[in-house]
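Engineer: I'd like to ask you about the structure that follows.
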Amino acid sequence: MYVSVPQSYAHLVKAGQQVIVTQQELRGQAFKGEIVRTAGAIDAQTRTMQVEVMLPNKDGKLMPGAYVQVALPVAGTGALTVPTNVLLFRGEGPRVAVVGPDGKVQLRAVKLGRNFGEVIELLEGAAANEKLILNPADSLNDGDPVVISQK
């Protein structure tokens, strides 16, 4: 079986790793396979890497061409994930606006990780216990006072 792995996960997939394959029509059944090789390159058009999985199918339950789900053994990075609308893009690079304990804005440089669409990983620059401003105005500056509202 061939699987197209998104670029953001491609570097985490290696030959020898075990995968679990399921098919919606075969509820409650899972098939174990093994990654036997990868293309080792990203397809420029699809931004995916092709991976070959060896999957025993002696009884023929999985039909060729069927749509299946493949659970890849990729571990989370432990990075903080935040909504993409906390980001400010400045000439110096991406920033987040953190509300300090004194109620004032601190603009912090962040290192971005994987982008999942509506959320993105922050590898550096903010901690999970900090308050980030959603939809920060472009005019926001360090030291600006803010009032936190409860919704």
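Engineer: I need 46, 81 ordered by Cβ neighbour count within 10 Å, fewest first.
Structural biologist: Values: 46 11, 81 16.
Least crowded to most crowded, the residues run 46, 81.
Engineer: Can you divide the C-alpha Rg of the chain by 2.2 N^0.38 Å and report the result to two decimal places? List each step's numbers first, then the result.
Structural biologist: Numbers: Rg = 21.5 Å, N = 151, 2.2 N^0.38 = 14.8 Å.
For the chain, the normalised Cα radius of gyration comes out at 1.45.
Engineer: Classify the stretch 2-71 as rounded, prolate or oblate, taking a ≥ b ≥ c as the square roots of the eigenvalues of its Cα gyration tensor: rounded when a/c is under 1.5, otherwise prolate if a/b is larger than b/c and oblate if not. Before the final figure, lay out each step's value.
Structural biologist: Numbers: a/c = 2.19, a/b = 1.77, b/c = 1.24.
Judged from the Cα gyration tensor, the stretch 2-71 comes out prolate (a/c at least 1.5, a/b above b/c).
Engineer: Further, regarding this structure: Calculate for the chain the 222 nm mean residue ellipticity that helices alone would give, adding -39,500 (n - 2.57) per DSSP H run of length 4 or more and normalising by residue count, nearest 500 deg cm²/dmol.
Structural biologist: -500 deg cm²/dmol
Engineer: For the chain, the longest stretch holding no chymotrypsin sites (Phe, Trp or Tyr not before Pro) located in a DSSP loop with at most 16 other Cβ atoms within 10 Å is which?
Structural biologist: Counting only loop sites that pass the neighbour cut-off, the longest clear stretch is 1-66.
Engineer: How much length is gained if the chain between residue 23 and residue 127 is pulled fully straight, taking 0.36 nm per residue apart and subtracting their Cα-Cα distance, in nm to one decimal?
Structural biologist: Details: separation 104, 0.36 × 104 = 37.44 nm, distance 3.86 nm.
Working it through step by step, the gained length comes to 33.6 nm.
Engineer: If you filter the stretch 31-94 for GluC sites (Glu not before Pro), then keep DSSP loop positions with at most 13 other Cβ within 10 Å, what is left? Write down the numbers at each step before the final one.
Structural biologist: Values: sites: 34, 52, 92; in loops: 92.
Counting only loop positions with at most 13 other Cβ atoms within 10 Å, the GluC sites (Glu not before Pro) in the stretch 31-94 are 92.
Engineer: Please report the spacing between the Cα centers of the stretch 1-66 and the stretch 68-135 in Å, no decimals.
Structural biologist: After rounding, the separation between the Cα centres reads 30 Å.
Engineer: Can I ask one more? For a quick check of your reading of the filter: which trypsin sites (Lys or Arg not before Pro) in the stretch 46-126 sit in a DSSP loop and have no more than 13 other Cβ atoms within 10 Å?
Structural biologist: Working: sites: 47, 58, 61, 90, 95, 104, 108, 111, 114; in loops: 47, 58, 61.
Of the trypsin sites (Lys or Arg not before Pro), the ones in loops of the stretch 46-126 whose Cβ has at most 13 other Cβ atoms within 10 Å are 47, 58, 61.
Engineer: Please give the charge dipole size of the chain, origin at the Cα centre, charges +1 on K and R Cβ atoms and -1 on D and E Cβ atoms. Round to the nearest 20 debye.
Structural biologist: Working: 15 positive and 14 negative charges, 74 e Å.
So the magnitude is around 360 debye.
Engineer: Once Rh is set to the Kirkwood radius over Cα pairs, what Stokes-Einstein translational diffusion coefficient, in µm²/s, holds for the stretch 80-132 at a temperature of 20 °C and a viscosity of 1.002 mPa s? Display every interim value, and only then the final one.
Structural biologist: Values: Rh = 11.2 Å.
Rounded, D is 191 µm²/s.
Engineer: Still on this structure, please answer the following. Explain nothing, just the number: relative contact order of the chain, from Cα pairs under 8 Å at least 6 residues apart, as a whole percent.
Structural biologist: Working: 259 pairs, mean separation 29.2, N = 151.
Contact order relative to length: 19 percent.
Here, each number is a calculation from the coordinates, and none is a lab measurement. Please read all numbers here as calculations on a predicted model, not as lab measurements. Cβ: placed from backbone, ideal geometry, glycine included. Neighbour counts: every protein chain shown.
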